[in-house]
Amino acid sequence: MTVEDPSLIALHNVSKVYTTGGVEYVALDGVEFSVDRGEFVAVVGPSGSGKSTLLNVVAAIDRPTEGRVVVDGVEVSNLAENEAARWRGRNIGVVFQFFQLLPTLSLADNVILPMDFCGVHPRRDRRSLAADLLDRVGLADHIDKRPSEVSGGEQQRAAIARALANDPPIILGDEPTGNLDSESAASMMDLFDDLVTSGRTVMMVTHDRDLADRTSRIVLVKDGSLSEPTGLRS
Ligand SMILES: Nc1ncnc2c1ncn2[C@@H]1O[C@H](COP(=O)(O)OP(=O)(O)OP(=O)(O)O)[C@@H](O)[C@H]1O
Ligand SMILES: [Mg+2]
């Protein structure tokens, strides 16, 4: 089902309540939020405030308990799990907080996997596209290694390459530079800048104020609520 919505990403009164052992925990609390095409949004806030939950409902990895999430006209909060996976594969590149590379596959095959899942690129092109993406994140010399054979920062960069496998219009990163030294983090920010310049939309959780200051918009998550206080920029 498609829905009219002027924003690329729109959350309407979205709440997410987790119930563990009979205790309710409100991770998102009636969130109204939207992102336009071509924005570069930094998501900041304390640990446990709801940042990952926010990305997960946008990516249709999690369903809100209440409210609607509409992404590019698709009401993703309504998709069945298999539909959500297919939709996500074509539309969203996700860099997870813990990279979630498959340990038995080479870095190249980790990048090829989402290509195989979605079939956007012809089969014969996938390996060279994966090599190009790994080259873009500085891993040209490591494409045949397994995740355990590279450093944590290199795994994180491979996860960024994998997020770009199907050339998605939206990239969501959960601390995508959290394991990188400042030089590599800056070069990944350059990559995100290039993606935004070429029309992609990037939303990124970060604890790094300097990196947040490089984006076009900073959103603060606190106790499951979003705000955009002026003065967050240094
Ligand atoms: N699957 C779950 N079951 C129960 N509670 C959960 C679950 N996932 C998250 N929560 C709770 O929801 C709240 C928000 O979690 P979330 O992961 O979104 O925080 P975060 O802002 O990403 O934190 P961090 O910066 O530490 O990654 C936390 O209090 C967390 O304990
Ligand atoms: Mg998190």
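The values are calculated or read from the model by the stated rules, or taken from the named source; none is laboratory data. Computed from a prediction, not measured in an experiment: that's the story for all the values here. Here the Cβ is made from the backbone with ideal geometry for all residues, glycine too, and neighbour counts use every protein chain on show.
Restricting to the stretch 18-77, name every residue that is touching a Lys or Arg at 6+ places or on another chain (Cβ under 7 Å), among the polar types (S, T, N, Q), more than 9 Å from ligand 1 (Cβ to nearest atom) and within 22 Å of MET204 (Cβ to Cβ). SER77, the sole residue that qualifies. Taken together, PRO147, PRO176 contain a single residue that is of a type outside the set (Lys, Arg), within 16 Å of ligand 1 (Cβ to nearest atom) and in contact (Cβ under 8 Å) with a residue 12 or more places away in the chain, which is PRO176.
With a requirement of 1 or more residues that are among the β-branched types (Val, Ile, Thr), at pLDDT 95 or above and over 13 Å from ALA42 (Cβ atoms), the helices (runs of 4 or more DSSP H) lying completely within the stretch 130-234 that satisfy it span 152-163, 182-197. Kindly indicate whether VAL14 is surrounded by 21 or more Cβ atoms within 10 Å (Cβ to Cβ), farther than 30 Å from ASP141 by Cα, more than 16 Å from ligand 2 (Cβ to nearest atom) and among the β-branched types (Val, Ile, Thr). Judged against the criteria, VAL14 is a match.
Taken as a whole, the structure places LEU172 among residues that are crowded, with 22+ Cβ neighbours inside 10 Å and within 16 Å of ligand 2 (Cβ to nearest atom).
For (1) surrounded by 17 or more Cβ atoms within 10 Å (Cβ to Cβ); (2) over 29 Å from VAL35 (Cα atoms); (3) basic (Lys, Arg), each residue gets a yes or a no:
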site: ARG124; (1), (2), (3): no, yes, yes
site: SER128; (1), (2), (3): no, yes, no
site: ASP132; (1), (2), (3): no, yes, no
site: ASP141; (1), (2), (3): no, yes, no
site: ILE160; (1), (2), (3): yes, no, no
site: ALA163; (1), (2), (3): yes, no, no
site: ASP167; (1), (2), (3): no, no, no
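Taken together, the residues in the stretch 27-36 that are within 16 Å of ligand 2 (Cβ to nearest atom) and either out of contact with any helix residue (DSSP H, G or I) (no Cβ under 6 Å at 6 or more places or on another chain) or not in a strand (DSSP E or B) (or both) amount to 1. Being more than 16 Å from ALA27 (Cα to Cα), of a type in the set (Asp, Glu) and surrounded by fewer than 19 Cβ atoms within 10 Å (Cβ to Cβ) is a property that GLU81 has.
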